[in-house]
Amino acid sequence: MNFKLVKLEDIAQISTGGTPSRSNPSYWENGGIPWVKIRDLKKKFVNETEEFITEEGLYNSSAKLFPKGTLLYTIFATIGECAILNIDATTNQAIAGLIVNNEKALTEYVYYFLKSIKEKVMYSGRGVAQNNINLSMLKGIEIPLPNLKIQKKIVEILNKASELIEKRKAQIEALDQLTKSVFLEMFGNLKGEKVPLSELCYINPSKKEIENIDKEFPVTFLPMANVSENGELDLSETRLIKEVFESFTYFREGDVLFAKITPCMENGKGAIARNLINNIGFGSTEFHVLRPKENVNSTWLYYLTSLQSFRKQAEANMTGSAGQKRVPKQFFSKYKVVLPPIELQNQFAKIVQKIQSQKEIIKKSLEELENNFNSLMQRAFKGELFNELMNTK
């Protein structure tokens, strides 16, 4: 059965947010109005934000206060992320707010539809991934619109599938928290002489040690986007050494990568460099490379630099102008730590390995659930699920 196609602008009021001037403290200091950034769109519902603006900032800028229930959709930098406001909030200009007319469509139905066409929107027009779309493009997107009863059934089915995915993600997050808890339990109250971290690892080793290597060798290439805040690596990109030697940061197997750039949530973004092609990698110049010295285990070093307390001190020592601040190399000489016995570090690494094995099993299950969910969404909005639901009594 076919259902009519309508444009988003026919079922929703659509507008974008704005950013109060950062140079005016009265727009930000002690603000109480939630201000949503792309990074806040982590789950289906937005319940909180990292930043807030003042009423003065709201009324003296292009920022708009969207009511609870507004569907948020990213149109700049990262396209196609969406979430539903569970609070009244403002947004930046990279996010559009859709206030859906619920006499015509359910907000959750529109939410799932937009998720189902994310890749299509990203590659629309030019056939390659684009960094932004405009409001006219968003307003003109056509959505299949069955009656509200069918919409409700579709939402219920997709909600059940989505809940299973969220449970798997929660299990993975719990294992990540377990690892951090084990670290603090084993190393949080160590007594002894503290030494600068720079004495325990080489900071940003020189490329000279591989300057005589064959530059035709392929190596792993690791841009910042391919490193998660939980230490996971996307190793899919490769380059020849000659293509990256001059302009990118060098590291090798077992080195610890630590992001030095602002904003603060990315200060601790990093990983252990593992499974590199030819044991060599190059990547973003916004990484500090920490190479463990003797009696220092990479796993211990990585989790040390992932601690929130470490990140806060790194943030406090950032240098540079606003928006361009970075953690300087000198910070690692200022930060002091008690070095645990290597036996204890190795014991921790074995525990981490066991936890990671459990995590991999859950991740495979999560991948299957996400594939099934995506298939279900495609069936729903292509009409296949419509017909099944119409025949359900």
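The values are calculated or read from the model by the stated rules, or taken from the named source; none is laboratory data. If you're wondering where the values come from, they're calculated on a predicted model, not measured in any experiment. So basically every Cβ, Gly included, is an ideal-geometry build from the backbone, and we count neighbours across all protein chains shown. Ligands, DNA and RNA are stripped out before the accessible areas are found, and what is left, the full protein with its side chains, is counted by its heavy atoms. Shrake-Rupley method; radii C 1.70, N 1.55, O 1.52, S 1.80 Å.
Looking at the range 132-144 only, could you name the residues that are exposed (fewer than 14 other Cβ atoms within 10 Å of the Cβ) and either among the hydroxyl-bearing types (Ser, Thr, Tyr) or assigned to a loop (DSSP other than H, G, I, E, B) (or both)?
Passing the criteria: ASN134, SER136.
So PHE52 ticks every box in (1) out of contact with any strand residue (DSSP E or B) (no Cβ under 7 Å at 6 or more places or on another chain); (2) free of Cβ contacts under 8 Å to residues at least 40 places away in the same chain; (3) outside any loop (DSSP other than H, G, I, E, B); (4) open to solvent by 20 Å² or more (accessible area, probe 1.4 Å) but one. Which box is left unticked?
Exception for PHE52: condition (1).
Of all the helices (runs of 4 or more DSSP H) wholly in the range 265-338, which have at least 2 residues that are polar (S, T, N, Q), open to solvent by 30 Å² or more (accessible area, probe 1.4 Å) and without any contact (Cβ under 8 Å) to a residue 40 or more places away in the chain?
Once the helices (runs of 4 or more DSSP H) in the range 265-338 are filtered for at least 2 residues that are polar (S, T, N, Q), open to solvent by 30 Å² or more (accessible area, probe 1.4 Å) and without any contact (Cβ under 8 Å) to a residue 40 or more places away in the chain, what remains is 308-316.
What pairs come up if the first residue lies in the range 6-22 and is touching a residue at least 24 places away in the same chain (Cβ under 8 Å), the second is in a strand (DSSP E or B) and among the acidic types (Asp, Glu), and their beta carbons are under 9 Å apart, counting only those six or more places apart or on different chains?
Matching pairs, first to second residue: VAL6/GLU142; LYS7/GLU142; LEU8/GLU142.
Does LEU257 meet the test of being touching a strand residue (DSSP E or B) at 6+ places or on another chain (Cβ under 7 Å), farther than 28 Å from ASN297 by Cβ and of a type in the set (A, V, I, L, M)?
no
Specify which of the listed residues (LEU98, LEU135, LEU106) is closer than 17 Å to VAL155 by Cβ and in contact with a Ser or Thr (Cβ under 7 Å, 6 or more places away or on another chain).
When all the criteria are applied, what remains is LEU98.
Please go through the range 145-171 and give me each residue that is surrounded by 16 or more Cβ atoms within 10 Å (Cβ to Cβ) and outside any helix (DSSP H, G or I), ordered by number.
Listed by number, the residues that qualify are LEU145, PRO146.
Among LEU58, LEU72, which is within 25 Å of the chain's Cα centre (by Cα) and open to solvent by less than 30 Å² (accessible area, probe 1.4 Å)?
From the options LEU58, LEU72, the qualifying one is LEU72.
What number of residues within the range 69-118 satisfy the criterion of being small (Gly, Ala, Ser), assigned to a loop (DSSP other than H, G, I, E, B) and within 17 Å of LEU5 (Cα to Cα)?
Summing the residues that are small (Gly, Ala, Ser), assigned to a loop (DSSP other than H, G, I, E, B) and within 17 Å of LEU5 (Cα to Cα) in the range 69-118 gives 1.
Identify, by number, the condition in (1) within 24 Å of the chain's Cα centre (by Cα); (2) open to solvent by 60 Å² or more (accessible area, probe 1.4 Å); (3) among the charged types (D, E, K, R); (4) within 17 Å of TYR302 (Cα to Cα) that ASP234 doesn't meet.
The one condition ASP234 does not meet is (4).
What number of residues within the range 340-360 are open to solvent by 60 Å² or more (accessible area, probe 1.4 Å) and either aliphatic (A, V, I, L, M) or in a helix (DSSP H, G or I) (or both)?
9
Of all residues in the range 11-37, which are more than 14 Å from ALA89 (Cβ to Cβ) and open to solvent by 40 Å² or more (accessible area, probe 1.4 Å)?
GLN13, SER21, ARG22, SER23, ASN24, PRO25, SER26, GLU29, ASN30
If I ask for residues that are in contact (Cβ under 8 Å) with a residue 60 or more places away in the chain and surrounded by fewer than 20 Cβ atoms within 10 Å (Cβ to Cβ), which ones from the range 76-93 would you list?
Scanning the range 76-93 gives a single hit, GLN93.
May I ask you to verify whether LEU200 is closer than 21 Å to GLU294 by Cα, in contact (Cβ under 8 Å) with a residue 60 or more places away in the chain, in contact with a Lys or Arg (Cβ under 9 Å, 6 or more places away or on another chain) and not β-branched (Val, Ile, Thr)?
In short, yes.
All but one of (1) at pLDDT below 90; (2) within 20 Å of the chain's Cα centre (by Cα); (3) open to solvent by less than 30 Å² (accessible area, probe 1.4 Å) hold for PHE381; state the number of the condition that does not hold.
For PHE381, the failing item is (2).
Return the total of residues in the range 261-285 being modelled with pLDDT of 90 or more and either at positive phi or under 23 Å from the mean Cα position of the chain (by Cα) (or both).
Count: 13.
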